[in-house]
1. Can you name every residue in region 146-166 that is open to solvent by 30 Å² or more (accessible area, probe 1.4 Å), touching a Leu at 6+ places or on another chain (Cβ under 9 Å) and either within 11 Å of Val195 (Cα to Cα) or among the β-branched types (Val, Ile, Thr) (or both)?
2. For region 196-237, name all the residues that are open to solvent by less than 60 Å² (accessible area, probe 1.4 Å), more than 12 Å from Tyr67 (Cβ to Cβ) and assigned to a helix (DSSP H, G or I).
3. Out of Ala203, Ala168, I need the residue that is small (Gly, Ala, Ser), modelled with pLDDT of 90 or more, within 26 Å of Gln156 (Cα to Cα) and touching a helix residue (DSSP H, G or I) at 6+ places or on another chain (Cβ under 6 Å). Which one?
4. Of all residues in region 166-209, count the ones that are small (Gly, Ala, Ser), under 22 Å from Phe93 (Cβ atoms) and more than 17 Å from the chain's Cα centre (by Cα).
5. Can you tell which of Thr269, Thr261 is of a type in the set (S, T, N, Q), at pLDDT below 85, over 23 Å from Leu28 (Cβ atoms) and not in a loop (DSSP other than H, G, I, E, B)?
6. For region 31-64: of the residues being open to solvent by 80 Å² or more (accessible area, probe 1.4 Å) and outside any loop (DSSP other than H, G, I, E, B), which is farthest from Pro250 (Cα to Cα)?
7. Name the pairs whose Cβ atoms lie under 7 Å apart, with the first residue in region 73-98 and touching a residue at least 60 places away in the same chain (Cβ under 8 Å) and hydrophobic (A, V, I, L, M, F, W, C), the second surrounded by 23 or more Cβ atoms within 10 Å (Cβ to Cβ) and not in a helix (DSSP H, G or I), and 6 or more positions between them or separate chains?
8. Quick one: which residue in Met22, Met62 is at pLDDT 85 or above and out of contact with any helix residue (DSSP H, G or I) (no Cβ under 9 Å at 6 or more places or on another chain)?
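The values are calculated or read from the model by the stated rules, or taken from the named source; none is laboratory data. Bear in mind that the values here come from a model prediction, so they are computed numbers and not experimental data. Cβ coordinates were reconstructed from backbone atoms using ideal geometry, including for glycine residues, and neighbour counts include every protein chain displayed. The area values use the complete protein model at the heavy-atom level, side chains included, leaving out ligands, DNA and RNA. Shrake-Rupley method; radii C 1.70, N 1.55, O 1.52, S 1.80 Å.
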Amino acid sequence: MNGLQKTTVYALLILFAAIYSMPLLVMLSGSLKSPTEIQAAPNRLIPESLQWENYLTAIQSMPFWQYLSNTLTLCVGSVIGTVLSCSMAAYAFAKLKWWGRDKLFAVLIGTMLLPWHVTMIPRFLLLREVGLYNTLGALILPTFLGDAFSIFLLRQFFRTIPEEISEAARIDGLSEWGIYWRVILPMSVPALVTVGLFQFVAAWNDFSGPLLFLSNKDRFPLAYGLEQFVSSYADQTHLLLAAATLFTLPIVVLFFFAQKTFLKGIATTGLKD
């Protein structure tokens, strides 16, 4: 690729990045404007004066820290459950030989076609019967049972790890659990981070789950709390944008810190059939 081609590619990338980042810039700009300026100049990206108090007002207008605590509990619990359960299932599908393995994996992949709403009512009835209704446990516990996409992603990564490494570990006397825990997992950090990041974002943005399983406002996560905030302050655009920025910022920061490992996990997944 010559210099002109590189310049063209970089120019196009910058253009597309600017286009896709425009909604975030508009949201950030509006969150720092006064109500008068939003009405007078809604398209101006640089505010005349930065209204940092919009964030303080948004935080004080709802139990923000309670929502944040609930959300972090939900996200961390979900990530732990997903990484543990899906990595164990993926190890069994990728590294162990047993009758019906490939057929069962095909069935597992087939479940990805089922929308969440199909299992919504049975899941609700089951979790209510075991006493988890109106608790964060109703949202965290199912992640310890795995999900098809994460299992598929980890299985594909595990299959790229040479089988000779597992055989050498067996010769040294490691059990299958020891190989999984002490050999495979340490070599699969990029894939595990990728799965964890996907699950963290899914739990952070989840609205349907809390709407179905929670009724106590003290247990609401940020996604559901933000919806309640929008209903109460629909006519105050500057506060709505400030609250939306507070909701979005942690995910953006998380991606910037984890992007190198995340991209490595995506790039090295699925290289082996």
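1. Phe152, Thr160
2. Gly196, Leu197, Gln199, Phe200, Val201, Ala202, Ala203, Ser208, Gly209, Leu212, Phe213, Thr237
3. On the way: Ala168 fails: touching a helix residue (DSSP H, G or I) at 6+ places or on another chain (Cβ under 6 Å).
Result: Ala203 is the single residue among Ala203, Ala168 that is small (Gly, Ala, Ser), modelled with pLDDT of 90 or more, within 26 Å of Gln156 (Cα to Cα) and touching a helix residue (DSSP H, G or I) at 6+ places or on another chain (Cβ under 6 Å).
4. 6
5. On the way: Thr269 fails: not in a loop (DSSP other than H, G, I, E, B).
After ruling out the rest, the residue left standing is Thr261.
6. Residue satisfying both the conditions and the ranking: Ala40.
7. Qualifying pairs under 7 Å: Leu74/Pro221.
8. Details: Met62 fails: out of contact with any helix residue (DSSP H, G or I) (no Cβ under 9 Å at 6 or more places or on another chain).
Every option except Met22 fails the conditions.
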